[in-house]
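A short worksheet on the structure shown next.
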């Protein structure tokens with residue numbers, strides 16, 4: 001089970017069905033979803049299904065980012081332990097557009113990295129679409145360094161994103 005993690009302005013706690021309305025706000029926003037692998041949601045039931053699916057993977061921890069000031073979910077993030085590279089994990093994040101450019105993603109990502117260290121992870125990897133450089137800034141602020149170029153596909157394979165891949169060795 002995910003631990004609850006507190007930062008200066010956020011509480012990271014396991015995402016729950018009670019977060020569905022808040023999560024649907026960012027999952028249905030094309031500006032937020034533009035560079036993510038899953039599609040922009042058009043129905044809250046897609047968000048509910050996604051939240052339910054987050055508790056089924058033993059190698060993945062998914063948190064809701066709760067803004068303390070409003071007690072509201074403003075984003076989510078996850079760490080996934082690699083089944084291919086021992087001691088490695090990937091991380092990702094997503095944030096409500098109304099909360100961009102305020103440092104919340106960096107704050108939450110640093111907290112997730114701190115948790116990954118408790119798992120004995122030796123390397124953290126993340127990537128962002130080249131056309132989304134602000135995500136790379138979050139990674140850099142959290143200590144990740146550019147490693148190589150790559151690409152990833154939308155889950156429905158409708159889009160291919162050229163990407164920059166980052167690593168942090170712990």
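Rule-based calculations on the coordinates, nothing more; no lab input. This structure is a prediction, so every number in the text was calculated from the model and none was measured. Glycine gets a Cβ as well: all are built from the backbone with ideal geometry, and neighbour counts include every protein chain shown.
Numbers for the structure displayed
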item: Separation in nanometres of the label points that stand 7 Å from Cα toward Cβ, at residue 72 and residue 16; result: 1.9
item: Helix-only [θ]222 nm of the chain, DSSP H runs n ≥ 4, -39500 (n - 2.57) each, per residue, nearest 500; result: -7500 deg cm²/dmol
item: Highest-first arrangement of 43-52, 7-16, where packing means the average Cβ count within 10 Å; result: 7-16, 43-52
item: Peptides 35-42, 61-68 ordered by average Cβ neighbours within 10 Å, highest first; result: 61-68, 35-42
item: Stretchable slack from residue 106 to residue 140, in nm (0.36 nm times residue separation minus alpha-carbon distance); result: 11.3 nm
item: Tensor-based shape of segment 83-169 (alpha-carbon gyration tensor, a/c under 1.5 rounded, otherwise prolate or oblate); result: oblate
item: Cα centroid separation, segment 93-148 to segment 18-38 (Å); result: 18
item: FRET E, pair residue 83, residue 37, Förster distance 22 Å, beta-carbon r, rounded to 0.05; result: 0.80
